[in-house]
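A.B. asks: Shown below is the structure under consideration.
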Amino acid sequence: MKRLWLVLGLLLLIAARPVAAHELRPAYLDMHEAAPHQFTVLWKVPAIGEMRLALDLRLPSDCVSKAEPTTSIEGGAYLERWSTDCKGGLKGKTISINGLSSTMTDVLAHIVYADGVTEIARLKADSPSFVVAGQQTTWDVAYTYLVLGVDHIMSGFDHLLFVLALIILIHDLRRLIKTVTAFTVAHSITLAGAALGYFSLPQKPVEAAIALSIAFVASEILKSEPKQLRLSEKYPWAVAFTFGLLHGFGFAGALKEIGLPQSDVPMALLTFNLGVEVGQLMFIGAVLTLLAAARRVLRIMPYLARSAAAYAIGMTATFWLIARLAAFGN
């Protein structure tokens, strides 16, 4: 049995390497119109050390740079900053990204015009370019942020691992629903407050605390006994609510990076949060379905399966915690 845990741990350490996480992080294009037809440009590409993803930005041909871009490596990303003069503006012209088809990432394009209008676009491997509209309807914004919310939770492995730990800890479906609801309410509060600038926490400590929250729930799974419920099992909603406040700051960090459109802040915030919830519910449904199938088809021993899952979750969370604490000095 000890060998089983050792092999499982090694596999998890390999799976949890930062390389995979960087590959899934979206690249980011931010353009602000400082004067008529003149834009400041930020091009941000996931990187590991000096190595960056091979993504190249292609602005319209009549966009002329005023100077050579300044480059830097910050927080696991390669950044280029410059100013450009786009004759006649951007409306109706095409912005494209070369190299998307050979990566596992997307690109988020965020354009802010001088009049405060914001345009958001998401470029993928099968659609690596878009025609600048110059404006967006409220429903366009809602759909874009809804999809961004779903994408964020589906690529937020730490958030999903916390939800998975809750599913394993709680045996009763009604109690699970209450717990997930508490988690939703809590992270919605801090997501909204932090995104609107009412309060904030440093992102690196938040990410470390999120990893610690996962390790805590994993330890509670291992300590649970069939005939005697622990406080975390009697009142799991309290645990979920408390840690949900932290996870909300994590969601807010991603939303701040994407940016909120000045003209439709409430709609964008609401639909991003709804997207997070939709993705979360999809994940919970998939996990419950797989667990039910595993019990019937594979006839897995419940105690053994719970213990194996708890060790796997706890070891992954501990690895993340150490890595994130080590990143404090960077």
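A.B. asks: Can you tell me how many residues in region 164-198 are touching a Ser or Thr at 6+ places or on another chain (Cβ under 8 Å) and surrounded by fewer than 16 Cβ atoms within 10 Å (Cβ to Cβ)?
C.D. replies: So the count comes out to 0.
A.B. asks: Based on what the data block shows, is residue 69 more than 30 Å from residue 247 (Cα to Cα) and in contact with a helix residue (DSSP H, G or I) (Cβ under 6 Å, 6 or more places away or on another chain)?
C.D. replies: Spelling it out, it is not the case that residue 69 is more than 30 Å from residue 247 (Cα to Cα) and in contact with a helix residue (DSSP H, G or I) (Cβ under 6 Å, 6 or more places away or on another chain).
A.B. asks: Go over the candidates 95, 120 one by one and state the one that is over 30 Å from residue 247 (Cα atoms) and in contact (Cβ under 8 Å) with a residue 60 or more places away in the chain.
C.D. replies: Answer to the check: 95.
A.B. asks: May I pose another question? State which residue pairs qualify: first residue under 23 Å from residue 148 (Cβ atoms) and inside region 26-45, second residue of a type in the set (Phe, Trp, Tyr) and surrounded by fewer than 22 Cβ atoms within 10 Å (Cβ to Cβ) in any location, beta carbons under 7 Å apart, and separation of 6 or more residues or different chains.
C.D. replies: Hits for this filter: 33/113; 41/82; 44/28; 45/78.
A.B. asks: Need a quick list: strands (runs of 3 or more DSSP E) entirely within region 34-83 having at least 2 residues that are under 30 Å from residue 328 (Cβ atoms) and either among the charged types (D, E, K, R) or in contact with a strand residue (DSSP E or B) (Cβ under 6 Å, 6 or more places away or on another chain) (or both).
C.D. replies: The qualifying strands (runs of 3 or more DSSP E) are 38-48, 70-74.
A.B. asks: Taking region 204-237, which residues are polar (S, T, N, Q) and either in contact with a strand residue (DSSP E or B) (Cβ under 8 Å, 6 or more places away or on another chain) or part of a helix (DSSP H, G or I) (or both)?
C.D. replies: Scanning region 204-237 gives 213, 219, 232.
A.B. asks: Any idea which residue in region 96-109 is nearest to residue 60 (Cα to Cα), counting only those that are under 17 Å from the mean Cα position of the chain (by Cα) and buried (at least 18 other Cβ atoms within 10 Å of the Cβ)?
C.D. replies: 109
A.B. asks: Going through region 94-113 one residue at a time, which ones are farther than 15 Å from residue 136 by Cα and outside any strand (DSSP E or B)?
C.D. replies: Residues satisfying the conditions are 99, 100, 101, 102, 103, 104, 105, 106.
A.B. asks: While we're on this one: Testing residue 210 on (1) farther than 23 Å from residue 328 by Cα; (2) under 16 Å from the mean Cα position of the chain (by Cα), one condition comes back false. Which one is that?
C.D. replies: (1)
The rows are residues; the columns are (1) under 29 Å from residue 36 (Cβ atoms); (2) without any contact (Cβ under 8 Å) to a residue 60 or more places away in the chain; (3) assigned by TED's automatic domain parsing to the domain that holds residue 275.
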{"site": "116", "(1), (2), (3)": "yes, no, no"}
{"site": "163", "(1), (2), (3)": "no, no, yes"}
{"site": "186", "(1), (2), (3)": "no, no, yes"}
{"site": "192", "(1), (2), (3)": "no, no, yes"}
{"site": "197", "(1), (2), (3)": "yes, yes, yes"}
{"site": "206", "(1), (2), (3)": "no, yes, yes"}
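The values are calculated or read from the model by the stated rules, or taken from the named source; none is laboratory data. Since the structure is predicted, the reported quantities are computational estimates derived from the model, not experimental observations. Here Cβ is always computed from backbone atoms with ideal geometry, including for glycine, and neighbour counts include all displayed protein chains.
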